[in-house]
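For reference, the structure discussed in these notes is given below.
Values quoted throughout were computed directly from the atomic coordinates according to the rules given, and no laboratory measurement underlies them. Since the structure is predicted, the reported quantities are computational estimates derived from the model, not experimental observations. All Cβ positions, even for glycine, are placed from backbone atoms using ideal geometry, and neighbour counts span all protein chains on display.
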Amino acid sequence: MSQQPSTASAASALPGHPFVAYRGAELQIEDVRLSQLAAEHGTPLFVYSKASMLAALAAYQRGFAGRQAQICYAMKANSSLGVLQVFAVAGCGFDIVSGGELERVLAAGGDAAKIIFSGVGKTRAEMRQALQAGIGCFNVESEAELDVLSQVAEALGLRAPVSIRVNPNVDPKTHPYISTGLKDNKFGVAHEDTLRIYQHAASLKGLQVVGIDCHIGSQITDATPYLDAMDRVLDLVASIEASGIALAHIDFGGGLGINYNNDTPPAADALWAQLLRKLDERGYGQKKLMIEPGRSLVGNAGVCVTEVLYVKPGEHKNFCIIDAAMNDLPRPAMYQAFHAIVPVLAESTATPSTPEARYDVVGPICESGDWIGRDRALSVKAGDQLAVLSTGAYCMSMSSNYNTRGRAVELLVDGAKVHVIRERESAADQMRLERLVTL
């Protein structure tokens with residue numbers, strides 16, 4: 001099926017992307033034409049809608065209205081300073097997984113007391129760094145980590161606030177690389193070991209137990225895994241508190257999916273209406289809640305604009321070669337992920353010289369895995385511009401310099417205003433920390 005848009009003069013928003021729309025033939029993000037941005041800043045480039053991010057956040061805020069809750073943006077989805085700043089100003093906390101991410105949050109104006117430090121491999125140096133910054137909580141993922149964190153905290157004369165991440169063995173029905181709640185995943189502690197590990201944590205002088213944490217995966221499009229995980233976590237809360245260990249908060253993680261390819265995840269406020277009903281039924285509605293959304297806040301806020309370099313017809317397959325590549329957009333190569341690809345100028349799809357054909361959309365990197373879309377119906381020629389949708393999450397944050405390619409420009413659009421939040425990276429930028437030697 002062709003992905004060609006309507007050329008009606010009225011704005012025509014793309015499904016799942018209310019702030020990305022065609023106005024006539026021009027694809028715009030908020031009030032800015034993508035063709036204008038490409039002309040001014042070159043391609044490939046990432047463009048993010050501030051309004052989209054805040055609208056996604058507002059759905060969570062509606063869901064938690066009247067509740068004691070803290071929303072912590074899972075910044076691994078997109079850690080660019082300009083993006084972090086949007087959420088910091090909006091009052092969000094942050095979920096981090098490294099010392100470098102901690103530095104980014106603080107540089108963007110985030111509140112250290114609203115930071116949760118997750119991840120299975122925290123180093124002693126990172127623990128010290130986070131303790132000295134005064135972060136709100138460590139989400140601890142193993143018994144061995146508890147012991148090390150207690151030692152580090154004691155050496156500083158501090159007590160580390162901890163929440164233990166529980167693996168509920170619930171299948172989120174998502175890609176295996178982004179499933180985190182099954183017993184064979186590396187994350188969290190086993191459900192059956194949880195009470196004993198909490199009792200151990202409570203005995204350590206350098207720790208203060210403050211909560212319990214659960215995160216089952218990413219790009220989840222069904223409420224059922226969340227409901228199942230909540231049941232299992234609340235069973236544990238009951239047994240932990242019955243043993244005399246009070247839990248001030250319950251952290252249900254993130255993982256809510258977005259619309260990549262006609263996906264239909266529940267809206268955040270609708271999902272949390274279901275979860276809160278269950279929480280109330282179980283008698284825990286008064287507990288402070290923590291959540292860590294990432295992709296659902298930024299994924300559909302981002303567009304990658306790219307130029308068609310060559311159209312290469314073949315006997316069995318046609319290739320549309322673009323200037324964006326797997327170093328810019330790693331999700332297709334890593335997860336076989338789908339991103340919709342549409343023309344920046346709709347009128348370019350209707351010219352007789354460029355009939356529609358089916359293409360594999362590929363980048364210039366010297367790898368067969370460098371593809372962005374398979375078997376797409378497009379009417380394109382060299383010099384046309386395409387927009388790869390839903391690229392706000394896990395694209396720039398996972399980008400690389402493979403083939404000595406510089407990372408792309410990033411722009412934040414706020415209505416008609418355009419802010420450069422990352423300049424295009426040069427080869428000199430990449431080589432700045434390298435040194436030649438005398439041979």
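Computed over region 64-293, the quotient of the alpha carbon radius of gyration and 2.2 N^0.38 Å is 0.96. Size of the chain: Rg and Dmax of its alpha carbons, in Å, are 23.2, 75. Ranked for footprinting exposure by Cβ neighbours inside 10 Å, fewest first, 80, 142 give 142, 80. Its residues counted as N, region 367-439 yields a C-alpha radius of gyration over 2.2 N^0.38 Å of 1.50.
Taking 0.36 nm per residue of separation and subtracting the current Cα-Cα distance, fully stretching the chain between residue 354 and residue 113 would add 81.2 nm.
Between the residues 80, 427, 396, the greatest Cα displacement towards the positive end of the dipole of the chain, with unit charges on the Cβ of Lys, Arg, Asp and Glu, is found for 80. For region 64-293, the dipole from Cβ point charges (+1 on Lys and Arg, -1 on Asp and Glu) about the Cα centre works out to 400 debye, to the nearest 20. Within the chain, DSSP assigns beta bridges of which about 50% are antiparallel (rounded to the nearest 5).
Remark: the chain carries a charge dipole of roughly 400 debye about the Cα centre, counting +1 on each Lys and Arg Cβ and -1 on each Asp and Glu Cβ.
Within a straight-line Cα-Cα reach of under 14 Å, residue 287 can be paired with the following aspartates and glutamates, leaving aside sequence neighbours fewer than 8 residues apart in one chain: 213, 241, 251. Restricting attention to region 64-293, close to 5% of DSSP beta bridges with both partner residues there are antiparallel. Note on region 34-144: the alpha carbon radius of gyration divided by the globular reference 2.2 N^0.38 Å gives 1.23.
Residues 272, 371, ranked from the fewest to the most other C-beta atoms within 10 Å, line up as 371, 272.
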